[in-house]
Amino acid sequence: MIVEFPDTALAGSLDKIEVFEVDEFKVHVIGKEDLIVDRLNACVFWKSKDDCRWVKELFLLYYDKID
């Protein structure tokens, strides 16, 4: 599992955050759409091949659930 802690400000939409319960903890996760946009930016502007691959993976995984 990879965990990324954002800066002090969220670049995405607060309305899209999803909350999951893991044992007794609540985990707040950036929205799918915002995550895809973030990885797409890294793919295009930083030429990150890993992020290009993640864009495809995320889009295929959530194509019927993204806004």
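The values are calculated or read from the model by the stated rules, or taken from the named source; none is laboratory data. Please read all numbers here as calculations on a predicted model, not as lab measurements. Note that each Cβ is placed from the backbone with ideal geometry, even for glycine, and that neighbours are counted across all protein chains shown. Surface accessibility is based on the protein's heavy atoms, side chains included, excluding ligands, DNA and RNA. Shrake-Rupley method; radii C 1.70, N 1.55, O 1.52, S 1.80 Å.
Could you tell me which of the residues Asp51, Asp15, Asp67 is touching a Lys or Arg at 6+ places or on another chain (Cβ under 6 Å) and either open to solvent by less than 70 Å² (accessible area, probe 1.4 Å) or charged (D, E, K, R) (or both)?
Asp51
Among the residues that make up segment 38-48, is at least one of them over 11 Å from the mean Cα position of the chain (by Cα), hydroxyl-bearing (Ser, Thr, Tyr) and open to solvent by 100 Å² or more (accessible area, probe 1.4 Å)?
No, there is no match, as no residue in segment 38-48 is over 11 Å from the mean Cα position of the chain (by Cα), hydroxyl-bearing (Ser, Thr, Tyr) and open to solvent by 100 Å² or more (accessible area, probe 1.4 Å).
Inside segment 54-64, can you point out the residues that are open to solvent by 60 Å² or more (accessible area, probe 1.4 Å) and not in a loop (DSSP other than H, G, I, E, B)?
Once the filter is applied, which keeps residues that are open to solvent by 60 Å² or more (accessible area, probe 1.4 Å) and not in a loop (DSSP other than H, G, I, E, B), segment 54-64 yields Trp54, Lys56, Glu57, Phe59, Leu60, Leu61, Tyr62.
Quick one: in segment 8-37, which of the residues that are assigned to a strand (DSSP E or B) and closer than 22 Å to Tyr63 by Cβ is nearest to the chain's Cα centre (by Cα)?
Here the answer is Val29.
Looking at Glu33, Glu21, which one is among the acidic types (Asp, Glu) and free of Cβ contacts under 8 Å to residues at least 12 places away in the same chain?
Within the list Glu33, Glu21, the selection yields Glu21.
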